[in-house]
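One structure is given here, and the rest of the page talks about it.
The values are calculated or read from the model by the stated rules, or taken from the named source; none is laboratory data. This is a predicted model, so every value here is computed, not measured. Note: ideal-geometry Cβ built from the backbone for every residue, glycine included; neighbour counts use all protein chains shown. The protein model used for the area step is the full one, side chains on, heavy atoms only, and it has no ligands, DNA or RNA in it. Shrake-Rupley method; radii C 1.70, N 1.55, O 1.52, S 1.80 Å.
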Amino acid sequence: MEVHPTGGKQDGGQDGGQGVRQGGQGGAHRGGARPAGARVHSARAMAARAVDLCVALLHEQPSAESAESVASVASVLRAHGEEGDLGLDDATVARMRAAAARLREVFAAPGPGPAAALLNDLLAGAARAPRLTDHGGASTWHLHVDSGDDAPWDEWFLASSAMALAVLLADHQRVPGGLCASPGCGRPFLDLGGGSPRRYCSTRCATRERVAAHRSRHAPSGADGAGPGLSGDG
C-alpha cells in the first residue's frame, strides 16, 4: 500500500530564530517545481529521511550546537530534496535533536505493541488534522500533519516522521526499523524486509561484529594459549 502521509516543507526562511518555514507562491519547495513523479512523498521516503536526520542529530554531532551540527542537518535535508534558505540555527537544531531522541525510542521498541504506543503518544502531541497541500503549486498534492506550511522545523520533523513510521508499522505489522547492535554504534535504521529483523545499521557494522566474534572464538583463554576459544555472536 502506498500512502502519502507527509511531505517536504516549503522554503525554509528564518523567523525570529524559531526556524519557521516560509510558505507562499514565491517559495521554492523542497525538491522544487518539478515534473510529476520526480519526487515521491511516500511513507518509506519520509521514514528514510527521519532515520537520516536522527543519525545526523544524535550520532554525528551529538555534543553541542555548532555551525557543524547545523551544516550536518542542512546537508541531510538537502539530500532529501529541500531547497532554498532553510533558516536553520543552533536553537532550531537543538529542538530537532530533542524530537530525534523521541523518535529513536520507537526504533528501540521491543515489538510492534510498544512501538505503536510510543507513536500514538507522539501523534497525539505533535500531529494535527491531516491536510492536503501543494505548497502554492510548487509540488504535487500530498498530506501534511503539522500545523501549517510555515510550522517550525522540529514540529514538522516530529509530526511527519511519527506519521510515516505509524503507516509503515500498520502496513508491515512490525517495528519499521531498529537500533544497530554493534557496540558503540546504536544508530537507528529502517527495516521493512519480510525476513528476520536486521541487527545492524550497515554492512560495515555487521562485518566488524563478525570479525570480532571470529577473533573471540579463536582467541586463547589463557596466557599460554592452551585453553579453548571463547564463544561469540556469529
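At pLDDT below 95 and either assigned to a strand (DSSP E or B) or open to solvent by 50 Å² or more (accessible area, probe 1.4 Å) (or both), is that true of Gly184? Taking the combined requirement at face value, the residue satisfies it. Any idea which residue in the range 106-118 is surrounded by the most Cβ atoms within 10 Å (Cβ to Cβ), counting only those that are part of a loop (DSSP other than H, G, I, E, B) and of a type in the set (A, V, I, L, M, F, W, C)? Among those that are part of a loop (DSSP other than H, G, I, E, B) and of a type in the set (A, V, I, L, M, F, W, C), it is Ala109. The single residue among His218, His135 that is touching a Gly at 6+ places or on another chain (Cβ under 6 Å) and at pLDDT below 90 turns out to be His218.
Of the residues that make up the range 157-173, is at least one in contact with a Cys (Cβ under 7 Å, 6 or more places away or on another chain) and either in a loop (DSSP other than H, G, I, E, B) or at negative phi (or both)?
Filtering the range 157-173 for residues in contact with a Cys (Cβ under 7 Å, 6 or more places away or on another chain) gives none.
No: zero hits.
Scanning the range 71-102 for residues that are free of Cβ contacts under 8 Å to residues at least 40 places away in the same chain and either more than 11 Å from Leu57 (Cβ to Cβ) or touching a Cys at 6+ places or on another chain (Cβ under 8 Å) (or both) returns Ala71, Ala74, Ser75, Arg78, Ala79, Asp90. Within the range 150-162, the set of residues being in contact with a His (Cβ under 9 Å, 6 or more places away or on another chain) and closer than 14 Å to Ala43 by Cα comprises Ala159, Ser160. Could you say whether any residue in the range 92-109 is of a type outside the set (Lys, Arg) and more than 18 Å from the chain's Cα centre (by Cα)? Taking every residue of the range 92-109 in turn, none turns out to be of a type outside the set (Lys, Arg) and more than 18 Å from the chain's Cα centre (by Cα).
Applying the criterion of being in contact with a strand residue (DSSP E or B) (Cβ under 9 Å, 6 or more places away or on another chain) and modelled with pLDDT of 95 or more to the residues of the range 59-95, the residue that is least open to solvent (accessible area, probe 1.4 Å) is Thr92. Total residues in the range 119-140 satisfying the condition of being part of a loop (DSSP other than H, G, I, E, B) and either open to solvent by less than 10 Å² (accessible area, probe 1.4 Å) or without any contact (Cβ under 8 Å) to a residue 24 or more places away in the chain (or both): the figure is 3. Going through (1) of a type in the set (Gly, Ala, Ser); (2) at pLDDT 95 or above; (3) assigned to a loop (DSSP other than H, G, I, E, B) one by one, Ala98 falls short only on (3).
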